1. Among the residues of the range 137-154, write down those that are within 8 Å of the chain's Cα centre (by Cα) and more than 14 Å from Ser44 (Cα to Cα).
2. Among Asp15, Asp67, which is surrounded by fewer than 18 Cβ atoms within 10 Å (Cβ to Cβ), within 13 Å of the ligand (Cβ to nearest atom) and farther than 18 Å from Thr84 by Cα?
3. Working carefully through the options Thr74, Thr80, find the one that is surrounded by fewer than 17 Cβ atoms within 10 Å (Cβ to Cβ), closer than 24 Å to Gly31 by Cβ and under 20 Å from the mean Cα position of the chain (by Cα).
4. Of the residues in the range 131-150, how many are surrounded by fewer than 20 Cβ atoms within 10 Å (Cβ to Cβ) and touching a strand residue (DSSP E or B) at 6+ places or on another chain (Cβ under 6 Å)?
5. Residue by residue through the range 1-36, note down the ones that are hydrophobic (A, V, I, L, M, F, W, C) and out of contact with any helix residue (DSSP H, G or I) (no Cβ under 7 Å at 6 or more places or on another chain).
6. Within the range 163-183, work out how many residues are more than 16 Å from the chain's Cα centre (by Cα) and surrounded by fewer than 16 Cβ atoms within 10 Å (Cβ to Cβ).
7. Working only within the range 107-130, note down all residues that are over 13 Å from Tyr154 (Cα atoms) and either in a helix (DSSP H, G or I) or touching a strand residue (DSSP E or B) at 6+ places or on another chain (Cβ under 6 Å) (or both).
8. Looking at the range 18-41, which of its residues are surrounded by fewer than 18 Cβ atoms within 10 Å (Cβ to Cβ) and more than 9 Å from the ligand (Cβ to nearest atom)?
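The values are calculated or read from the model by the stated rules, or taken from the named source; none is laboratory data. As the structure is a computational prediction, the values presented were derived from the model and not from experiment. Because the Cβ atoms are built from the backbone with ideal geometry, glycine has one as well, and the counts that use them run over all protein chains shown.
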Amino acid sequence: MQVFSTVRELTEFLDTLMKAEKRIGFVPTMGALHSGHLSLIEKSSSENDITVCSIFVNPTQFNNPSDLANYPRTLERDTTLLQTVACDVLFAPSVAEMYPKDEVFSFQNIDFKGIDSVMEGKYRKGHFTGVVQVVKRLFDIVIPTNAYFGEKDYQQLAIIRRMVQSLNLPVKIIGCAIVREFDGLAMSSRNARLSEKERENAALIYKTLLVAKQNVQKTTVEELKKWVTEVLNTNTFLRVEYVEVADSATLLSIDEWQQSSSRRLFVAVFVGEIRLIDNIVL
Ligand code: AMP
């Protein structure tokens with residue numbers, strides 16, 4: 001595996017491959033890698049000639065300074081882990097490399113059609129502006145054929161799809177299924193920050209989503225959201241930030257089941273200080 005920390009070195013390396021018309025698969029991450037990330041890399045490697053993984057904790061997408069300061073950074077361990085899977089290139093730039101002071105990164109005027117103002121967009125102000133900024137910059141550097149994103153961050157995936165469509169970027173966005181722990185908790189780099197007790201109780205999030213899924217036909221949308229909120233809030237380790245039922249494509253919230261033929265249930269839950277998100281197709 002090749003490891004690069006500068007844009008110049010990486011582009012020089014990728015240039016030759018591009019000229020040879022190799023398919024480049026790209027998996028952008030913030031590191032502290034787990035099996036969820038690795039599943040994206042495996043998928044990319046099976047569908048491309050070369051797979052590039054980036055590790056960059058992007059400061060512009062954090063709305064909470066303590067979340068940014070405490071975000072796990074394990075580059076050495078991640079590098080070793082990537083060597084055990086089919087990753088060809090690791091790009092791990094510094095903040096100065098990604099955002100040079102003398103360059104201005106203009107924000108593209110994209111109409112996100114409301115996808116950016118609900119759920120994560122509503123509760124993490126500025127988050128998606130930062131996500132779009134970093135992913136656009138990474139796409140400009142890597143110029144991937146295919147890029148892989150997890151459904152764990154379902155709204156982020158929808159935002160990226162919209163960005164690519166709106167800017168007409170020549171990259172195919174591929175959504176990948178959520179990888180879960182043995183007890184159903186969605187894998188997340190932030191899980192490492194949970195105490196033993198918090199980790200145990202966090203499993204209730206997915207268990208509740210599963211029960212909710214089984215009860216779709218028996219309740220109204222409002223009742224279901226209320227039930228999920230109550231079940232999660234009854235656990236003393238958990239505190240719900242939002243529970244939403246939305247259309248899978250528009251991500252706009254629905255009040256009646258008939259309003260959408262493809263619905264998803266979304267939650268954001270604090271487990272102690274740690275904020276986790278999950279979602280399930282209904
Ligand atoms: P992150 O490092 O958290 O920014 O995640 C990098 C990529 O991995 C994003 O596309 C995430 O959606 C994806 N990802 C994170 N956790 C999981 C998971 N449990 N299952 C599948 N994909 C995931």
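1. Glu151, Lys152, Asp153, Tyr154
2. Numbers: Asp15 fails: within 13 Å of the ligand (Cβ to nearest atom).
Matching residue, one of Asp15, Asp67: Asp67.
3. Thr74
4. 1
5. Within the range 1-36, Phe13, Leu17, Met18, Ala20 qualify.
6. 8
7. Lys122, Tyr123, His127, Thr129, Gly130
8. If the condition is that a residue be surrounded by fewer than 18 Cβ atoms within 10 Å (Cβ to Cβ) and more than 9 Å from the ligand (Cβ to nearest atom), then Met18, Lys19, Ala20, Glu21, Lys22, Arg23 are the ones that fit.
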